[in-house]
Amino acid sequence: MHHLLLLIMVAVGVAFFFLLPWPLNLILYAPLFIAAAIAYGKALRAQGLPTQTGESVMVGATARVMKEGDGALEVMYEGEIWRAVSAAPVATGDEVVIQRVDGLTLHVAPLPPTRTPTPSDAPS
């Protein structure tokens with residue numbers, strides 16, 4: 001897509017270059033060239049960004065159990081409902097951690113309980 005954007009900007013610039021007088025070319029073509037260079041640079045930088053979707057991002061993330069029954073679960077992850085399985089028992093409303101993705105099925109485990117600090121835990 002970014003190649004098409006650059007091609008359009010260059011084509012318009014070349015049309016200006018051959019149809020208009022030289023001083024006007026400089027005034028019109030320079031900003032167009034700068035805009036094309038900025039757009040192309042941003043597109044190239046975006047290609048180097050880390051993946052934000054897919055299995056690699058899902059593993060280790062949390063989801064909420066929406067429905068349970070007979071070993072089959074439905075969990076909500078990022079607003080989407082997924083089929084899931086868990087070796088440990090979980091209840092509707094529990095938070096689970098995604099351990100792996102197998103096709104369209106998530107393998108999940110209950111989140112370890114978080115311990116709330118008590119006044120006796122405070123350093124003396």
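The values are calculated or read from the model by the stated rules, or taken from the named source; none is laboratory data. Just so you know, these numbers come straight off a predicted model, no measurement behind them. Ideal geometry is used to build each Cβ from the backbone, glycine not excepted, and the neighbour counts take in all protein chains shown.
Data table
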| read-out | value |
| --- | --- |
| Residue match in the stretch 46-59 (condition: without any contact (Cβ under 8 Å) to a residue 60 or more places away in the chain, more than 30 Å from residue 3 (Cβ to Cβ) and surrounded by 13 or more Cβ atoms within 10 Å (Cβ to Cβ)) | yes |
| Residue match in the stretch 71-92 (condition: at pLDDT below 80 and either in a loop (DSSP other than H, G, I, E, B) or not basic (Lys, Arg) (or both)) | yes |
| Among the residues listed as 67, 42, the single one being within 22 Å of the chain's Cα centre (by Cα), among the basic types (Lys, Arg) and surrounded by 10 or more Cβ atoms within 10 Å (Cβ to Cβ) | 42 |
| Considering residues of the stretch 20-35 that are within 15 Å of residue 6 (Cα to Cα) and modelled with pLDDT under 80 only, the residue surrounded by the most Cβ atoms within 10 Å (Cβ to Cβ) | 29 |
| Test: residue 14 is assigned to a helix (DSSP H, G or I), under 28 Å from the mean Cα position of the chain (by Cα) and of a type in the set (Val, Ile, Thr) | no |
| Meets criteria (at pLDDT 75 or above and in a helix (DSSP H, G or I)) for residue 64 | no |
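This table checks each residue for (1) within 30 Å of residue 101 (Cβ to Cβ); (2) in contact with a strand residue (DSSP E or B) (Cβ under 7 Å, 6 or more places away or on another chain).
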residue	(1), (2)
10	no, no
26	no, no
36	no, no
39	no, no
46	yes, no
59	yes, yes
68	yes, no
75	yes, yes
83	yes, yes
